[in-house]
Amino acid sequence: GFVTPGQISKLLAKESSTEYIDLENIFINVETLNKVPFEFAKDNNVLPIEHNEVILKVALSDTFDVVLIDKLKQLTQLYIEVVAATKQAIQEAITQQYTQAANVKSLIDEAVKALTHQTDEAEVGQAAALVRLVDQLIIEGNRQRATDIHIEPEKTSTRIRYRIDGILYQECLLPLALRSSIEARLKIMAGLDVTEHRIPQDGRIEFHIGQKKIDIRVSTLPTQYGQSVVMRIFDKQMTVLD
């Protein structure tokens with residue numbers, strides 16, 4: 001507690017002769033973000049900042065991580081220019097920038113396309129496009145201060161609704177093709193049995209948005225058209241009013 005993460009990051013940046021960058025109000029275009037897939041960025045805590053035909057500038061919390069820099073070179077086939085930022089700032093920027101770059105509609109189209117040739121439920125639940133779609137629905141629900149997220153199967157689609165201040169609001173309709181995939185992904189996240197469709201199940205998810213952790217209680221219930229899923233969000237940072 002004697003120094004802040006920002007002070008440490010600035011010192012390490014100076015030691016490695018790299019620039020320190022403030023990520024709070026930075027704008028990153030979609031083309032640059034697409035150079036590094038969301039899953040890779042999240043797993044390795046790296047954020048692409050800008051690029052040209054030869055160089056990709058990335059923010060790292062550890063500017064001495066030569067193994068990660070080599071992985072980025074192989075992944076992007078570009079020369080990597082490193083700038084420094086705190087771990088927390090990078091985590092929060094990854095969530096914010098990739099979320100803004102990919103709206104729900106584009107993620108739905110991407111998920112439908114990716115799942116066309118997959119049949120195994122466990123594999124479907126781990127597909128990258130579907131992971132991003134489910135993450136986006138949860139992040140958006142938390143951003144809107146929803147206490148519950150309802151995933152309701154209907155005859156020709158799946159309805160997503162957020163409970164905000166006690167009232168349910170429709171967020172979007174998902175195509176029929178994604179119904180079982182969304183269920184499978186949420187069951188995997190909550191540690192439930194993916195193959196069980198006949199009885200209700202209850203589970204729990206620890207979900208991270210940047211450095212913030214939210215607890216989600218998940219309940220599934222069989223209905224006429226598939227399994228209804230209700231997620232109750234417990235965010236300790238939300239202000240509770242009397």
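Brief remarks on what is shown
- Residue count for region 81-107 under the criterion of being out of contact with any Phe, Trp or Tyr (no Cβ under 6 Å at 6 or more places or on another chain), at pLDDT 80 or above and not in a loop (DSSP other than H, G, I, E, B): the result is 11.
- Inter-residue pairs, beta-carbon under 6 Å, first charged (D, E, K, R) and in region 32-52, second open to solvent by less than 40 Å² (accessible area, probe 1.4 Å) and in a helix (DSSP H, G or I), 6+ apart: 35/76; 42/94; 50/32
- Here region 1-20 is the region considered, the condition is being in a helix (DSSP H, G or I) and charged (D, E, K, R), and the residue that is surrounded by the most Cβ atoms within 10 Å (Cβ to Cβ) is 10.
- Count of residues meeting criterion [out of contact with any strand residue (DSSP E or B) (no Cβ under 8 Å at 6 or more places or on another chain), of a type in the set (Ser, Thr, Tyr) and under 19 Å from residue 205 (Cα atoms)] in region 133-192: 1
- Meets criteria (of a type outside the set (A, V, I, L, M, F, W, C), outside any helix (DSSP H, G or I) and more than 23 Å from residue 130 (Cβ to Cβ)) for residue 70: no
- Under the condition of being assigned to a loop (DSSP other than H, G, I, E, B) and open to solvent by 70 Å² or more (accessible area, probe 1.4 Å), the residues counted in region 140-189 number 4.
- Residues that are under 16 Å from the mean Cα position of the chain (by Cα) and among the aliphatic types (A, V, I, L, M), drawn from region 132-148: 133, 134, 137, 138, 139
- Qualifying residues in region 190-237 (those that are open to solvent by less than 40 Å² (accessible area, probe 1.4 Å) and part of a loop (DSSP other than H, G, I, E, B)) - the one nearest to residue 167 (Cα to Cα): 235
- Considering (1) within 17 Å of residue 141 (Cα to Cα); (2) modelled with pLDDT under 90, the lone condition that residue 224 does not fulfil carries the number (1).
- Region 21-51: number of residues that are open to solvent by 80 Å² or more (accessible area, probe 1.4 Å) and either polar (S, T, N, Q) or part of a strand (DSSP E or B) (or both): 3
- Per this entry, residue 64 is not counted among residues that are open to solvent by 20 Å² or more (accessible area, probe 1.4 Å), closer than 16 Å to residue 97 by Cα and among the aromatic types (Phe, Trp, Tyr).
- Of the residues making up region 195-216, those that are over 19 Å from residue 143 (Cβ atoms) and modelled with pLDDT of 90 or more are 199, 200, 201, 202, 203, 204.
- Scanning region 153-180 for residues that are within 13 Å of residue 137 (Cβ to Cβ) and in contact (Cβ under 8 Å) with a residue 24 or more places away in the chain turns up 158, 171, 172, 174, 178.
The values are calculated or read from the model by the stated rules, or taken from the named source; none is laboratory data. Quantities reported herein were computed from a predicted structural model and do not represent experimental measurements. Methodologically, a virtual Cβ is constructed for each residue, glycine included, from the backbone with ideal geometry; neighbour enumeration extends over all protein chains shown. We work out accessible area using only protein heavy atoms, side chains counted, and drop any ligands, DNA or RNA first. Shrake-Rupley method; radii C 1.70, N 1.55, O 1.52, S 1.80 Å.
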